[in-house]
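The values are calculated or read from the model by the stated rules, or taken from the named source; none is laboratory data. Nothing here was measured: the structure is a model prediction, and the numbers come from that model. No Cβ is skipped: glycine too gets one built from the backbone with ideal geometry, and neighbour counts run over all protein chains shown. Please note that ligands, DNA and RNA were not included when accessible areas were found on the heavy atoms of the full protein model with its side chains. Shrake-Rupley method; radii C 1.70, N 1.55, O 1.52, S 1.80 Å.
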Amino acid sequence: MVLTSRERTDELRRRAREWRSWDLAPRQICDLELILNGACAPLKGFLDRADYSRVCADMRLADGALWPMPLTLDVPEAFARETAPGSAVALRDAEGVMLAALHVSDVWQPDREAEARAVFGTTDRAHPGVRYLLDKSHSWYLGGRLEGLQLPSHVDYRELRLTPAETHAAFAARGWTRVVAFQTRNPMHRAHVELTLRATRAANAHLFIHPAVGMTAPGDVDHHTRVRCYRAAMTAYPEGLAMLALLPIAMRMGGPREALWHALVRKNFGCTHFIVGRDHAGPGTDGTGRPFYGPYDAQGLVARYQQEAGIEMVPFQEMVYVAEEDRYLPEGEVPPGRRTMKLSGADLRARLASGQEIPEWFSMSAVVEELRRRHPPRSRQGCTIFFTGLSGSGKSTIARLLETKLLELGGRQVTMLDGDLVRKHLSSELGFSREHRDLNIRRIGYVAAEVTRHGGFAICAAIAPYEATRHEVRQQVERHGGFVLVHVSTPIAVCEARDRKGLYAKARAGLIPEFTGVSGPYEEPGSAEITIDSSVMMADTAVALIVDHLRDAGFLS
């Protein structure tokens with residue numbers, strides 16, 4: 001571990017009173033924990049410029065050690081310019097607790113698009129790792145050695161949050177000398193159990209189930225539900241064969257490079273083998289509908305480096321259910337003429353949402369029960385209806401009528417979040433820069449997500465001009481329920497003619513800077529469920545269209 005003695009910790013805390021502090025973002029905390037606890041050995045800190053450049057170029061640190069993923073500390077330009085090499089920064093959690101001292105050796109502005117191409121093979125923002133890198137991370141990096149004062153604290157599942165030193169000790173106490181690790185970010189079903197059982201036989205090893213519980217892909221099942229599912233799935237293994245622990249990793253969904261990173265991490269946890277399945281850590285498809293990575297690209301990369309990495313890969317094809325034989329087989333081992341069955345993640349979510357039966361061949365009843373607790377039928381789920389459009393497009397008028405209609409129908413709490421009222425009561429200190437506009441929409445999104453989480457309808461009416469921020473709100477809300485984006489696409493000429501406050505005239509006269517549609521951009525949605533032009537559709541008709549959509553989706557009976 002990169003942790004200091006008690007005496008050194010006290011000294012660092014005293015010295016930190018004169019240092020600058022940086023409050024770590026959630027992903028940075030995940031990276032810090034894995035560096036401090038030794039899971040990311042040989043790293044001793046966040047990458048400096050030389051290490052970063054070589055990792056991006058050829059998956060090696062400057063000294064030649066194999067390392068595929070750049071773990072960097074990103075900060076805003078203003079913070080970076082006030083931080084000199086040779087200085088120290090106190091790294092703190094969200095509550096201000098000092099976790100580590102960063103001894104800064106490098107401060108630089110990276111080419112993040114070049115990093116995206118090198119690490120992810122694309123600059124397409126449909127890739128969640130690319131989107132985070134280009135849209136959410138800061139534009140400057142600090143690199144340097146870490147001295148850890150303490151690991152980030154967790155109040156949940158403490159008995160499962162084992163460090164590499166603790167897993168080494170646990171394996172030794174059990175007499176395990178060959179251990180095969182299984183990485184997952186999803187609940188485990190019968191196919192996963194069969195795959196892992198086969199892996200233990202192939203490797204003549206015990207099984208270490210080690211799911212990611214830090215940051216995974218947008219839309220993934222929350223880790224609390226997944227941990228309950230993992231515990232339920234553990235009963236399917238013979239006693240003494242398998243062990244469960246949690247990995248607080250911030251996944252990048254980086255496909256082949258990510259798979260190699262995962263293998264190196266599991267080697268540090270004491271594993272001798274690592275399962276790499278179909279499309280390991282794949283993020284799905286790009287903007288044209290094509291997969292970002294080939295189905296077995298990750299297996300190819302890990303196989304190439306497994307000897308140097310010090311951990312043997314156990315490759316697997318996708319598992320499918322063979323109905324005639326009532327068992328799962330790798331797709332390449334299915335006898336000719338046999339009927340195979342599988343249930344995709346989308347199919348499972350649809351069945352959960354509609355209350356349909358989950359086939360017994362697909363999953364264990366205890367796992368299904370946990371998923372049903374987390375994903376009730378849509379008739380009991382909350383939903384956010386998010387209106388976006390230019391000023392004067394008719395958003396608020398339609399939203400208020402929709403609020404009245406939903407209240408008339410009854411059965412749900414309804415909360416209206418009008419953009420003007422939110423600015424007055426929650427965001428009165430904000431201006432109209434892009435940064436402030438985004439912050440205002442994130443605040444609306446946060447409240448809407450909480451309303452949705454508690455089973456209510458949230459109706460949001462805001463200009464929300466930027467696609468990336470609308471997408472971010474969608475992801476936040478869809479963790480808890482439904483999200484319906486309504487684009488009120490009324491032409492700007494009509495909006496301007498309706499303008500009773502004279503805002504467009506002031507904007508065209510240069511009196512209002514960054515006015516959306518005139519001197520500021522409006523990015524039209526590419527993913528709206530409903531599009532309404534209020535210049536040709538009456539407000540009552542628009543409301544009926546939205547209500548019909550909610551009924552068809554199952555949110556209204």
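Quick notes on this one:
- Lysine pairs in the chain with Cα atoms under 23 Å, if 8 or more residues apart or on separate chains: 7
- Against the chain, whose longest principal axis comes from its Cα atoms, helix 26-36 is set at around 10 degrees.
- log₁₀ of I(q)/I(0) at q = 0.13, 0.19, 0.23 Å⁻¹ - the range 31-150, Debye sum with one point per alpha carbon: -0.51, -1.10, -1.45
- List D286, D135, ordered by accessible area with a 1.4 Å probe, largest first: D135, D286
- Lys, Arg +1 and Asp, Glu -1 on Cβ, resulting dipole of the chain about Cα centre, debye, nearest 20: 680 debye
- Using the Cβ-Cβ distance between S379 and S519 with R0 set to 45 Å, the FRET efficiency works out to roughly 0.50.
- Note that the chain carries a Kirkwood radius of 26.0 Å, evaluated over its alpha carbons pair by pair.
- Per-residue accessible area (protein heavy atoms, 1.4 Å probe) orders Y446, Y328 as Y446, Y328, starting from the largest.
- The modelled label-to-label distance for the pair H168/Q475, using points 7 Å beyond Cα in the direction of Cβ, is 3.6 nm.
- FRET efficiency, E450 to R117 (Cβ-Cβ, R0 45 Å, nearest 0.05): 0.75
- Inverse mean reciprocal Cα-Cα distance (Kirkwood Rh) of the range 451-557, Å: 15.7 Å
- Remark: spin-label model distance R304-E333 equals 2.8 nm, labels positioned 7 Å along the Cα→Cβ axis.
- Each other residue within a Cβ distance under 13 Å of Y296 adds +1 if Lys or Arg and -1 if Asp or Glu, for a net charge of -2.
- For the range 1-50, diffusion coefficient by Stokes-Einstein and Kirkwood Rh (Cα), 20 °C, 1.002 mPa s, µm²/s: 172 µm²/s
- Only protein heavy atoms count here; on that basis, with a 1.4 Å probe, T415 has an accessible area of about 50 Å².
- Spherically averaged projected area of the convex hull of Cα atoms, the range 375-527: 9.0 nm².
- With Cα atoms as the point set, the radius of gyration and Dmax of the range 418-475 evaluate to 11.0, 33 Å.
- Summed over the residues of the chain and divided among them, the accessible surface reaches 45 Å² per residue at a probe radius of 1.4 Å.
- Solvent accessible area, Å² - T397, 1.4 Å probe, full protein context: 70 Å²
- Within the chain, helix-based [θ] at 222 nm, where runs of 4 or more DSSP H residues each add -39,500 (n - 2.57), nearest 500: -11500 deg cm²/dmol
- Spacing of the two label points (7 Å from each Cα toward its C-beta) at N186 and E360, in nm: 2.4 nm
- Both radii were evaluated on the Cα set of the range 314-402; the Rg over Rh quotient, with Rh as the Kirkwood radius, amounts to 1.25.
- The listed residues R551, R470 rank as R551, R470 when sorted by accessible area, largest first, using a 1.4 Å probe.
- Rolled with a 1.4 Å probe across the full set of protein chains, the surface gives M538 an accessible area near 140 Å².
- Whole-number percent relative contact order across the chain, with pairs defined as alpha carbons under 8 Å at least 6 apart: 11 percent
- Two-decimal Rg to Rh for the range 239-376 - Kirkwood Rh, Cα set: 1.00
- Using the Cβ-Cβ distance between D222 and S527 with R0 = 30 Å, the FRET efficiency computed as 1/(1 + (r/R0)^6) comes to roughly 0.85.
- With all pairs of separate Cα atoms included, the range 112-253 yields a Kirkwood hydrodynamic radius of 17.5 Å.
- The residues neighbouring D548, those whose beta-carbon lies less than 12 Å from its own, together hold a net charge of 0 under the Lys/Arg +1, Asp/Glu -1 convention.
- Summed side-chain charge close to D499 - residues other than D499 whose Cβ falls under 12 Å, Lys, Arg +1, Asp, Glu -1: +4
- Kirkwood radius and radius of gyration were both taken over the C-alpha atoms of the range 453-503, and their ratio Rg/Rh is 1.09.
- Cβ charges +1 (Lys, Arg) and -1 (Asp, Glu), total dipole of the range 142-212, debye: 280 debye
- Every Cα-Cα pair of the range 298-357 was included, and the share exceeding 12 Å stands at 74 percent.
- The chain, accessible surface, carbon-and-sulfur percent (1.4 angstrom probe): 48 percent
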